[in-house]
Amino acid sequence: MDYLKQQNLASVPALFVICRYLATRPDGEDEAALRRVLQPRAMIANQGPAPRDDERRDVLPASLEVGRDIELLDAQGSRRERVWSLRESVRAEVAAVPAADSRPFRNLVLRSLGARAMQVIESGERPADVALALTWLLQGDPLSPLSTSWSDGPEMAVRRSGLDLAVSSPEQWRALVRWARSLGLATATAARQKSYLVVDPTKAVDDTLGRLPRQGPAETWFRQLHSLLPVLGHRALISALPGPRGSATEIPAATALAVCKLERAGRLRLLQSDDASSTVVLRLGHQVRQVGEVHVVEAVA
Amino acid sequence: MTSTMKGFRCWNAGSVRQTVYSDIGALPSDADAVFLAAHTPVTLAHPRGEELPGATSGERQVLDALLASVGDVDRNTIVAVTGGSGTGKSHIVRWVNAHLDASDARFHVLYVPRAVQSIRELLRRLVVGLPDGGGKELLTRIDAAIGNTNPAELQDRLLEEMRLALTWTLEPQMATDDESAAERAVREERNSLLGEPDEQGKRRDGLADLLALPEVNRALLRPEGRLYRLVQSLYSETSRRDEQQEAFTPADLPLRQPGLRRALAGKSGLIELWDIICHDPRPALDLLDEALRSALPRTLGLRAHNGETLDLLFRRSRQTLRDQGKELVLLFEDLAQFGLIDGELYDQFTIQPGSDLAPLRVLFAVTDGPYDKLPLTVQTRISHRFIVNSSALQDREAFVARYLNLVRVGRAEVETRWSQAQDSDTGDWVRNACDTREDGLPCQFRDECHKYFGAVEVAGLGRVGLYPYNGLALRRALDARGPSVTPRDALDVCVSEVLIEADAHIGRGTYPHERVRERFDFKVQRAKDVVLGGRTGEQAERLYRALVVWGDETELAPVIAEAFSLEVGVSRSQGTPALSKSGPQTEPRAATKTSSPSPLPPLFQWRNDDHLADDQVDFYRACLLRLVNSRLDLDQDLFHTANGEGAEILTRLFNRMSFDFPTDARGRRPGAGTVTFPIQRNDDDVRVLVAARWFDEHGHWDPERGTWPWPDGHDPVDLMLALECRLEQWANEVRVAFLSKVAGRDLARTVVGTRAVALIASGMPPHDVSDLDRVLSSPTSTSSATPAWASAWRAAAEALRKVSAVGWVGQFAAVRQGDRGGPQLIDAAELTAGLQTVLRSPVAHLRRVVEEFNDSAPVVASAARDLLSAVEQDAPSLLRDVTSAVETLAEGLEHAEPRAVAKAAREVGRRARDSGLFRPADGWNDFAEALDTLEALPAGLPLDWRRNEQESEAAEALAVEHWAGSAIAGALALQVVRNSMAATRQECVRSNSVAGDVDQRRREVRKKLKQVEEHLQALGTSEVRHG
């Protein structure tokens, strides 16, 4: 299923409130009931007419569909009267997410989205457009960020990469930026003249540290990282990108940036090793570093 | 002999003190050798006077001009050397004096060096220097004038002499042929200020008359006034030259003192004059200066009517010299020395020689301003004017090098060699210390010293080493003195102070010491940590100073480091690199063509303790605020801060002033409750500011694509990481503080809860309030409150009006996206759970809002406070009313439905009314209304309700409020019914004794009455019991 093109208004924050509410409803809710409680009439009435007729109507169903596709939600029943519920496999994890700190939830979405993309690839199909677009984005150079404005560079870059199948309009680009920010893969940094999308998966990696080996050979560690977060540069996803691709064996610069920041923050230690077979190359700008071992200094609970 | 330059000095502080005199006035008159050894030839313009044959240049042409007419007994020669302060005018006079042959029989030389400072000493010099041998009487008289009076009296005499000068002595100026309109206006103004002469020739209604006024007199004699300071200087052994060059200022006149015009009452001429002076005091002040110039010689006795005067002494001397066939050469290093007595001197200039008077050959130096003010009589008699138009610093390195050589050779040797040179008429008599230091052989370090510290070619000396300077350091030393550095400035600091301090510190191995920053231009173009290349430790600061001053922020020659006892060590790149450098990065970056200069040097200067300009601080604050704000990502957790309450809370918490630059930056300091990020003058913070500025203005980290040059020495990756990590850290701190301020989702829950409580207080049943949508949208109730609950009712209505839960929820608990960023979904799980908590203890909720959210949500806290207060105030009376009502209803209705009771009572009443038995006779409407109320009472009124003593009255009141009104109204209605029934019954009883034809109707009434008798009986019993 394509998210950017078909469920353009789906978003991680919307999934957050949906899943949190459904976590309190073991038997689930139908869409109308969900709408009543998550989209109270008072809130809607207060906003006046929507600029686009389908905007309000679509945020909830679009997010529900995406939630179902990445296997956070289940839907039972006929299309009009489907009862939505949170999957039991994630209920405890969602219920444990603090109300005012959605980072664990966003990491769950990122992992689920990645897992779903890998699943689709394994079945011989094309992964969701957002998974492809994020993977493409994360192959970019953090030292030369793209503008957040579609027509100010991104459009050309997307076309050059043959990624039109995933992103081809300002609305879809905005949705991609929204996904990238929410999933901790990029920051929208406001400079004096304009805003830039800096690819930087530091938050995503940081929130995944607890699921990674406390220490181990770099090659293994990064392979596990890609396994958990395929959009960071899993070989299979990179292979699914259209057009020419960078080396699948090298750690993308954005990931290099993330681990370097985490090293500076004292969260990781990147060590050299004599064992060349387990070494990975981190390249960022003109700086290159060979890392043999990775130690997680403080495991995330 | 040492083998390295470590600690080497080829001068010492003593030799500097003995040889370097920046102020020619301080140079002893017998120190010509020292003076000449370092004298730098100057070039002069010669705008006035004929060009002399065999045209020489520099000082020599002044000497030639002075002596050109020697032998011409019919004409004086007056030569002026002019130029700005500190340009070396006095040096020229000094040079001429040194090159005049004192034994030349053709003239007598009177030389007045600038060292002579006080008037008394100046006169003594003149008297002693003139050849006649007289003057004792004059000096005695002047000493008496000063010694026999106290300063106050002398000051008063001076003022009186000024008044006399204004009245009698000063003459009106006549027009000249070539007078301009402006000059004419000035002249006429002056003459007008003098006043008009009366028939005796005494000028009246002029400035002199104003001086007689006590107010004006007191102002002129006031402490620290012009006259006061002048008289004080006369009593001092030494005085500053500028004390005699001062002028009267507006403060010397009582221009703003009230009452002046009153004192002038009746003197219209003076009033008019005073008004003119008040409008523009400058002409009057100039005239006062003129009067003082005339008065001082008289006051001091220089112009006594009898006995010796300066004029007399000069005349006698010139007569004596004429007799001897000699001429009088007068050399004045600074004409301004004569200040207020220059008139006596000028008189001599105007007296032409003749058969009885020797000619004068006068050379004086004077700055441009005073030169222009010389009296016309002097101006017109000047034979030559030379203007110093090239500073001795035209070749700055050579200028300093001469002094460096001088201090190395030392005063004693210079004087010996000068003496020998005069005897042998040798030209280049000063030796080059670098070439002769080792017993006539070159200094052992000369070659490497000249190579690394530098050397300059000096005319007459050869190559002179710059040590302890090198070319860069000398440039920085001179640049530090500013663009208009004078030789005097250069000598004071660049030679005297630098060499004296360097002697001590190089010897101790502590050079360059901290004060070097002040002595040298310490402007930098690169970041300190880049210059230091990661070197740290106790020597780092000293090394940094050396790298900046001697290395121009790049590198330091090993010989320089050795001489200054510096261990340079191996540099490494600044900070810890994230990754190692690969090939291309290690190559020096080729200069990229950019459109603007780097804006970073002020930041690097700030790192070195300079002030950072306000606009720079503002820029960095705005830039950092923008960058951090974009990293907060609060919207991901459903907090929105673009506008409204969210923006207000965030701005109070985090704003431009959160970036706390040191105290020299403008603006208030961050207030309490504000997140603060100190920006320190350290390498890390400077690196972050550099990175922030680069990214803010370029949006990338590509050095080749900048509009201004990439900051030299920085690696793009390291800069990016420095900024990224710091922004992350700051954003996280702001995020934590914000979440703490809004207590996570609690603020939204609180607002929803407060609104829910207000709805309950307005009479909405708690069950209805548990529906989130109803809380968000429910309009204010329009029904009225019972009197006991009126305050609480009003407070609740106000709270509902003020607290728009929709707005707060949209800001603090909603998903916002779409073109307008409006709220799309809300965090229902959290808000619903919160609502349930509030409904369990609404009063506790209000109390918590008041205590915890006054800061973050003052409007909500205020509404909660008012509501809580009103509820607590009204609760006791409401509970009393409810208790009473419940009892009334329970007892009165005796488990019957109110509607049934009302129906029966209505029937009885109607029949009684129809029978004329209803009482009170005019109470039917009230009775009917009460019955309506009874009929409308809800069926489920809890008439078994009892006050729960475990709960507070406020909580209980809120719990019963939604039915309390009905119960109280019902009880009141029941009371009306009971009263009517009781009165009607009495009327029926009374009517039983009255005969009539209404027996049948009476029986019917009795029958109905019997049906309700039980109820009425019960009501009557209750009424009796309750009184």
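The values are calculated or read from the model by the stated rules, or taken from the named source; none is laboratory data. All of these numbers come straight from a predicted model, not from anything done at the bench. In this analysis, Cβ positions are derived from the backbone assuming ideal geometry, glycine residues included, and neighbour counts consider all displayed protein chains. All accessible areas refer to the heavy atoms of the entire protein, side chains included, with ligands and DNA or RNA removed. Shrake-Rupley method; radii C 1.70, N 1.55, O 1.52, S 1.80 Å.
In a strand (DSSP E or B), crowded, with 23+ Cβ neighbours inside 10 Å, within 14 Å of chain A (Cβ to nearest Cβ) and touching a Gly at 6+ places or on another chain (Cβ under 8 Å): is that true of residue B:811 in this structure?
Numbers: in a strand (DSSP E or B): no; crowded, with 23+ Cβ neighbours inside 10 Å: yes; within 14 Å of chain A (Cβ to nearest Cβ): yes; touching a Gly at 6+ places or on another chain (Cβ under 8 Å): yes.
Spelling it out, it is not the case that residue B:811 is in a strand (DSSP E or B), crowded, with 23+ Cβ neighbours inside 10 Å, within 14 Å of chain A (Cβ to nearest Cβ) and touching a Gly at 6+ places or on another chain (Cβ under 8 Å).
Can you name the residue in region A:22-32 that is among the aliphatic types (A, V, I, L, M) and in contact with a strand residue (DSSP E or B) (Cβ under 9 Å, 6 or more places away or on another chain) and is also surrounded by the fewest Cβ atoms within 10 Å (Cβ to Cβ) among such residues? First the steps, then the outcome.
Looking only at region A:22-32, we keep the residues that are among the aliphatic types (A, V, I, L, M), and these are A:22-23, A:32.
From what is left, the residues that are in contact with a strand residue (DSSP E or B) (Cβ under 9 Å, 6 or more places away or on another chain) are A:22-23.
Values: A:22: 26, A:23: 19.
The qualifying residue surrounded by the fewest Cβ atoms within 10 Å (Cβ to Cβ) is A:23.
Condition test on residue A:184, is it modelled with pLDDT of 95 or more and either outside the structural domain of residue A:111 (by TED's automatic domain parsing) or in a loop (DSSP other than H, G, I, E, B) (or both)?
Working: modelled with pLDDT of 95 or more: yes; either outside the structural domain of residue A:111 (by TED's automatic domain parsing) or in a loop (DSSP other than H, G, I, E, B) (or both): yes.
Yes, satisfied.
Name the residue, out of A:273, A:227, A:239, that is farther than 23 Å from residue A:70 by Cα and small (Gly, Ala, Ser). Before the answer, list the steps.
Values: A:227 fails: farther than 23 Å from residue A:70 by Cα; A:239 fails: farther than 23 Å from residue A:70 by Cα.
Answer to the selection: A:273.
Please tell me if residue B:792 is in a helix (DSSP H, G or I), at negative phi, outside the structural domain of residue B:647 (by TED's automatic domain parsing) and surrounded by fewer than 22 Cβ atoms within 10 Å (Cβ to Cβ). Reasoning before the result, please.
On the way: in a helix (DSSP H, G or I): yes; at negative phi: yes; outside the structural domain of residue B:647 (by TED's automatic domain parsing): yes; surrounded by fewer than 22 Cβ atoms within 10 Å (Cβ to Cβ): no.
Considered against the rule, which asks whether it is in a helix (DSSP H, G or I), at negative phi, outside the structural domain of residue B:647 (by TED's automatic domain parsing) and surrounded by fewer than 22 Cβ atoms within 10 Å (Cβ to Cβ), residue B:792 comes out as no.
Cβ contacts < 8 Å: first residue facing chain B (nearest Cβ under 9 Å) and under 9 Å from residue A:7 (Cβ atoms), restricted to region A:46-72; second residue modelled with pLDDT of 55 or more and open to solvent by 10 Å² or more (accessible area, probe 1.4 Å), any location; separation 6+ or different chain. Result?
Pairs that qualify, where the first residue is facing chain B (nearest Cβ under 9 Å) and under 9 Å from residue A:7 (Cβ atoms) and the partner is modelled with pLDDT of 55 or more and open to solvent by 10 Å² or more (accessible area, probe 1.4 Å), are A:63/A:7; A:63/A:9.
What tally of residues in region B:814-827 results from selecting those that are within 7 Å of chain A (Cβ to nearest Cβ), within 20 Å of residue B:774 (Cβ to Cβ) and open to solvent by less than 10 Å² (accessible area, probe 1.4 Å)?
So the first thing to find is which residues in region B:814-827 are within 7 Å of chain A (Cβ to nearest Cβ), and the list is B:815, B:817-820, B:822-827.
From what is left, the residues that are within 20 Å of residue B:774 (Cβ to Cβ) are B:823, B:825-827.
Filter again for open to solvent by less than 10 Å² (accessible area, probe 1.4 Å), leaving B:825-827.
The total comes to 3.
Scan region A:70-88 and give yes if some residue there is farther than 25 Å from residue A:132 by Cα, modelled with pLDDT of 90 or more, aromatic (Phe, Trp, Tyr) and assigned to a strand (DSSP E or B), otherwise no.
yes
So which residues in region B:604-618 are in a loop (DSSP other than H, G, I, E, B) and surrounded by 14 or more Cβ atoms within 10 Å (Cβ to Cβ)? Can you show your working first?
Just the residues of region B:604-618 that are in a loop (DSSP other than H, G, I, E, B), to begin with: B:608-613.
Passing the criteria: B:608, B:610, B:612, B:613.
Test each condition in (1) touching a residue at least 12 places away in the same chain (Cβ under 8 Å); (2) within 14 Å of chain A (Cβ to nearest Cβ); (3) open to solvent by 40 Å² or more (accessible area, probe 1.4 Å) for residue B:801 and report the one that comes out false.
Looking at each condition in turn, residue B:801 falls short on (2).
Condition check ((1) more than 12 Å from chain B (Cβ to nearest Cβ); (2) within 18 Å of residue A:232 (Cβ to Cβ); (3) of a type in the set (Val, Ile, Thr)) across all residues:
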site	(1), (2), (3)
A:252	yes, yes, no
A:258	no, yes, no
A:263	no, yes, no
A:267	no, yes, no
A:272	no, no, no
A:278	yes, no, no
A:281	no, yes, yes
A:284	no, yes, no
A:288	no, no, yes
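Identify, from the list A:98, A:104, A:127, the residue that is assigned to a loop (DSSP other than H, G, I, E, B), within 14 Å of chain B (Cβ to nearest Cβ) and over 12 Å from the mean Cα position of the chain (by Cα). Walk me through it before giving the result.
Working: A:104 fails: assigned to a loop (DSSP other than H, G, I, E, B); A:127 fails: within 14 Å of chain B (Cβ to nearest Cβ).
One residue alone meets the criteria, A:98.
Of all residues being in a helix (DSSP H, G or I) and hydroxyl-bearing (Ser, Thr, Tyr) in region B:488-546, which is nearest to residue B:691 (Cα to Cα)? Just the residue, please. Break it down into steps so the answer makes sense when it comes.
Within region B:488-546, the first condition is being in a helix (DSSP H, G or I), and the residues that meet it are B:488-508, B:516-519, B:528-532, B:540-546.
Of the ones still in play, those that are also hydroxyl-bearing (Ser, Thr, Tyr) are B:496, B:544.
On the way: B:496: 42, B:544: 22 Å.
Filtering first and then ranking leaves B:544.
Consider residue B:199 against the criteria (1) surrounded by fewer than 16 Cβ atoms within 10 Å (Cβ to Cβ); (2) under 46 Å from the mean Cα position of the chain (by Cα): it satisfies all of them except one. Which criterion is unmet?
Failed condition: (2).
Being more than 14 Å from chain A (Cβ to nearest Cβ) and on the phi < 0 side of the Ramachandran plot narrows it down to one of B:722, B:737, B:758, so name that one. Lay out the reasoning, then the answer.
Values: B:722 fails: more than 14 Å from chain A (Cβ to nearest Cβ); B:737 fails: more than 14 Å from chain A (Cβ to nearest Cβ).
The conditions single out B:758.
Within region B:624-645, take every residue that is in contact with a strand residue (DSSP E or B) (Cβ under 9 Å, 6 or more places away or on another chain), part of a helix (DSSP H, G or I) and open to solvent by less than 10 Å² (accessible area, probe 1.4 Å) and give me the one that is nearest to the other protein chains (Cβ to nearest Cβ).
Once the filter is applied, the top-ranked residue is B:627.
Before we move on, is residue B:488 open to solvent by 30 Å² or more (accessible area, probe 1.4 Å), farther than 26 Å from residue B:4 by Cβ and touching a residue at least 12 places away in the same chain (Cβ under 8 Å)?
yes
Of a type in the set (Lys, Arg), in contact (Cβ under 8 Å) with a residue 24 or more places away in the chain and assigned to a helix (DSSP H, G or I): does that describe residue A:223?
Details: of a type in the set (Lys, Arg): yes; in contact (Cβ under 8 Å) with a residue 24 or more places away in the chain: no; assigned to a helix (DSSP H, G or I): yes.
Spelling it out, it is not the case that residue A:223 is of a type in the set (Lys, Arg), in contact (Cβ under 8 Å) with a residue 24 or more places away in the chain and assigned to a helix (DSSP H, G or I).
I need a count of the residues in region A:1-20 that are modelled with pLDDT of 95 or more and open to solvent by 10 Å² or more (accessible area, probe 1.4 Å).
2
Find the residue count for region B:436-483, including only residues that are touching a residue at least 24 places away in the same chain (Cβ under 8 Å), more than 15 Å from residue B:398 (Cα to Cα) and open to solvent by 50 Å² or more (accessible area, probe 1.4 Å).
6
Residue check: is residue A:51 open to solvent by 20 Å² or more (accessible area, probe 1.4 Å), over 16 Å from the mean Cα position of the chain (by Cα) and either closer than 25 Å to residue B:639 by Cα or at pLDDT 95 or above (or both)? Give the derivation first.
Working: open to solvent by 20 Å² or more (accessible area, probe 1.4 Å): yes; over 16 Å from the mean Cα position of the chain (by Cα): yes; either closer than 25 Å to residue B:639 by Cα or at pLDDT 95 or above (or both): yes.
So residue A:51 fits the description; yes.
Look at region A:22-35 and say how many of its residues are facing chain B (nearest Cβ under 7 Å) and closer than 18 Å to residue B:776 by Cα.
Qualifying residue count for the region: 0.
Go through (1) within 21 Å of residue B:415 (Cα to Cα); (2) surrounded by 19 or more Cβ atoms within 10 Å (Cβ to Cβ); (3) of a type outside the set (Phe, Trp, Tyr) and name the single condition residue B:102 misses.
(2)
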